[in-house]
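The values are calculated or read from the model by the stated rules, or taken from the named source; none is laboratory data. All values derive from a computational prediction rather than experimental measurement. Here the Cβ positions follow ideal geometry from the backbone for every residue, glycine too, while neighbour counts run over all protein chains shown. What goes into the accessible areas is simple: the full protein's heavy atoms, side chains included, and nothing from ligands, DNA or RNA. Shrake-Rupley method; radii C 1.70, N 1.55, O 1.52, S 1.80 Å.
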Amino acid sequence: MLKVYNTLTRSQEEFKTIEPHKVRMYVCGPTVYDHAHIGHGRTYIVYDCILRYLTYKGYEVKYVRNITDIDDKIIKRANDEGVVFSEISETYTASYNEDMANLGLLPPAVSPQATTTIKGIIQFIETLIQKGHAYASDGDVYFSIPACKEYGKLSRRRTEDLKVGARVFPGEKKKDPLDFALWKKAKPEEPSWDSPWGKGRPGWHIECSAMAKEHLGESIDIHAGGQDLIFPHHENEIAQSEAANEAQFATYWFHNGFVNINKEKMSKSLGNMVNLKKLLSKFHAEAIKFYMLSFHYRSPIDFSDGAMEEAARGLDRMYRVLLSVPPSPEKVEPEGSFRERFEEAMDDDFNSAKAMGVLFEMVKEINRLQRKKETLAQAGAMKDLFVELGGVLGLFQANPEEYFKNRPAEGDLDATKVEQLIAERAEARREKNFDRADQIRDELTAMNVVVEDSPEGTSWRIKG
């Protein structure tokens, strides 16, 4: 039975969908004013894994991940570069989509953009005004916090506390300092759209509510994003969606943890942002996923080059075993409780870290079975299951030979040749041809390669 942690209730609950066997899932996408960074990478790797596991469990998932393509940051960058805002948003939308594809993430069913949802946004705001939850003020439209009795139920913040220090900024004509903008009156030289309140553009929060409603309906099963979105973005989404639709907006709220860099918060001001494109140029995409999924999705990650390199070596060891074992001649379920234990881990709030532990145990078992000719078929069956379960995490989907051929090279060393020699050595040991195995080790030593055998399999490194 799948149990998930719900930020809304601060508890783990049995997962029950609005419609049997169907999941409506909305994940907040990026604001496209720059290239994606490692924090984006973690967020979308996490929800790709959740999407894959729900599909594995037999659910029909409609996954919507939006693009915020009109925002203050986009406008500022366009002004700084002397171009129209759409040039910025289109450039970085293409960059983001390229990164997601290069990570090997499943595409969403729909990837709506704020600028193509303007009509729906305006209709949403009109409904809020009609129901007394919003008001127009000199071309702006604000959501009325005092009219929302349950405001703060997601973030557990009280309006009394929020009012301390809250103020109305110059140019704003709010009735209450906590009220937030649904529609912003156009400023000179800013992009704008016609509306009943004059030319303007939508606020950030209303964009997601309108896109979720348009593509998934008034009530959805899962709404997700990073922890930084709990307040105010997701809190405001709940307020406006439930006020307009008079129905619960989302049953479950998922929030993934932050990525810290060498024990410091990642931020532009600290200059420690890790560009996803640069990371993908240094490491195989699956190595990045392997690293991210080695942690529970709600836990923080302390990223460092050393930790990433260790994860890459771990992935290498697993692919090395896949390279050395032929597939099973028949599709059979191998002995052991590996599938059951893998599912138990993932059923416990998508505990990918625990599920990865099961995969490590499977590698040990494959390595043990493949040492003897008489158990080689069993090793092949275990390998097939390993690849299947790894696929639930979005891992081990590359052809092993292609993996070693395409992964970033280590200096001038021919990594493919090293892998071929190690696979040949494994076969020689299986055949009890120890002279040939020792000969291959000597060849590798001459290449300045150190070979290390362990229960997890054989690994190698450059001597240094």
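With axes computed from alpha carbons, what is the tilt in degrees of helix 204-216 against the longest principal axis of the chain, rounded to the nearest 10 within 0 to 90?
Value to nearest ten degrees: 70.
As a quick test, which of the pairs Lys16/Lys331; Lys163/Lys263; Lys119/Lys185; Lys277/Lys417 have an alpha carbon distance above 25 angstrom in this structure?
Distance filter (> 25 Å) returns Lys16/Lys331; Lys163/Lys263; Lys277/Lys417.
Suppose each label sits 7 Å from its Cα in the direction of the beta carbon; what would the Thr127-Glu344 distance come out to in nanometres?
Going from the Thr127 label point to the Glu344 one covers 4.5 nm.
Mind putting a number on the dipole of the range 94-224 about its Cα centre? Charges go on the C-beta only, +1 for Lys and Arg and -1 for Asp and Glu, and I need it in Debye to the nearest 20.
540 debye
So which trypsin sites (Lys or Arg not before Pro) in the range 92-163 end up in coil per DSSP with only 13 or fewer other C-beta atoms within 10 Å?
Those that pass, being in a loop and sparsely packed, are Lys131, Lys149, Arg156, Arg158, Lys163.
Multiply the residue gap between Lys373 and Glu361 by 0.36 nm, knock off their C-alpha separation, and tell me the result in nm, one decimal place.
The Lys373-Glu361 span can extend by a further 2.2 nm.
Viscosity 1.567 mPa s, temperature 4 °C: give me the Stokes-Einstein translational D for the range 333-429 in µm²/s, with Rh taken as the Kirkwood radius over C-alpha pairs.
My calculation gives 87 µm²/s for D.
Quick one: angle between helix 352-369 and the longest Cα principal axis of the chain, in degrees between 0 and 90, rounded to 10, please.
The helix 352-369 is inclined about 10 degrees to the chain.
Compute the long axis of helix 38-56 from its Cα atoms, compare it with the longest principal axis of the Cα atoms of the chain, and write down the angle in degrees, 0 to 90, nearest 10.
Roughly 80 degrees between the two axes.
Any chance you could look up the accessible area of Glu443 with a 1.4 Å probe, heavy atoms only, rounded to 10 Å²?
70 Å²
What is the antiparallel percent of DSSP beta bridges lying wholly in the chain, to the nearest 5? Intermediate values should be presented prior to the final figure.
Details: 25 of 47 bridges.
DSSP beta bridges in the chain are roughly 55 percent antiparallel.
Calculate the spin-label point distance for Thr55 paired with Lys199, positioning each point 7 Å from the Cα along the beta-carbon direction, and give it in nanometres.
In this crude label model, Lys199 to Thr55 measures out at 4.4 nm.
What are the lysines whose alpha-carbon lies under 18 Å from the alpha-carbon of Lys282, with same-chain residues fewer than 8 places away excluded?
Qualifying lysines at Cα under 18 Å: Lys405.
So between Arg156 and Met273, what do we pick up on full extension, going 0.36 nm a residue minus the alpha carbon distance? All intermediate terms of the calculation are to be shown ahead of the outcome.
Working: separation 117, 0.36 × 117 = 42.12 nm, distance 2.99 nm.
Full extension from Arg156 to Met273 adds 39.1 nm.
Summing -39500 (n - 2.57) over the DSSP H runs of n ≥ 4 in the chain and dividing by its residue number, what mean residue ellipticity at 222 nm do you reach, to the nearest 500 deg cm²/dmol?
Working: 16 runs with 204 residues, N = 464.
Using -39500 (n - 2.57) per qualifying helix, the result is -14000 deg cm²/dmol.
Let me know the charge dipole size of the chain about its Cα centre in debye, to the nearest 20, where only the beta-carbon of Lys, Arg (+1) and Asp, Glu (-1) is charged.
Computed charge dipole of the chain: roughly 660 debye.
Working out 0.36 nm times the residue gap between Glu13 and Lys163, then minus their Cα-Cα distance, what length gain in nm do you get to one decimal?
Computed gain between Glu13 and Lys163 is 50.7 nm.
Using 1/(1 + (r/R0)^6) with R0 = 22 angstrom and r between the beta carbons of Gln439 and Glu401, what's the FRET efficiency to the nearest 0.05?
Step by step, r from the Cβ atoms, then E = 0.45.
Given a Förster radius of 30 Å and the C-beta distance between Ser86 and Gln248 as r, what FRET efficiency does 1/(1 + (r/R0)^6) yield to the nearest 0.05?
According to the calculation, E is roughly 0.25.
Which listed residue (Val450, Tyr96, Ala307) has the Cα farthest towards the positive end of the charge dipole for the chain, taking +1 on Lys and Arg C-beta and -1 on Asp and Glu C-beta about the Cα centre?
Value computed over the given set: Ala307.
So how strong a dipole does the range 320-413 carry about its Cα centre when Lys and Arg Cβ are +1 and Asp and Glu Cβ are -1, to the nearest 20 debye?
Once rounded to the nearest 20, the dipole reads 500 debye.
Which one, (1) 1.01; (2) 1.14; (3) 1.09, gives Cα Rg over 2.2 N^0.38 Å as derived from the coordinates shown?
(2)
Tell me the relative contact order for the chain as a rounded percent, counting alpha carbon contacts under 8 Å between residues six or more apart.
Here the relative contact order equals 16 percent.
Taking the full set of protein chains and a 1.4 angstrom probe, give the accessible area of Cys208 in square angstrom, rounded to the nearest 10.
Probe radius 1.4 Å; accessible area of Cys208 about 0 Å².
Give me the aspartates and glutamates in straight-line cross-link reach of Lys175: C-alpha distance below 15 Å, same-chain residues under 8 apart excluded.
Leaving aside aspartates and glutamates fewer than 8 places away in the same chain, those within reach of Lys175 are Asp138, Asp140.
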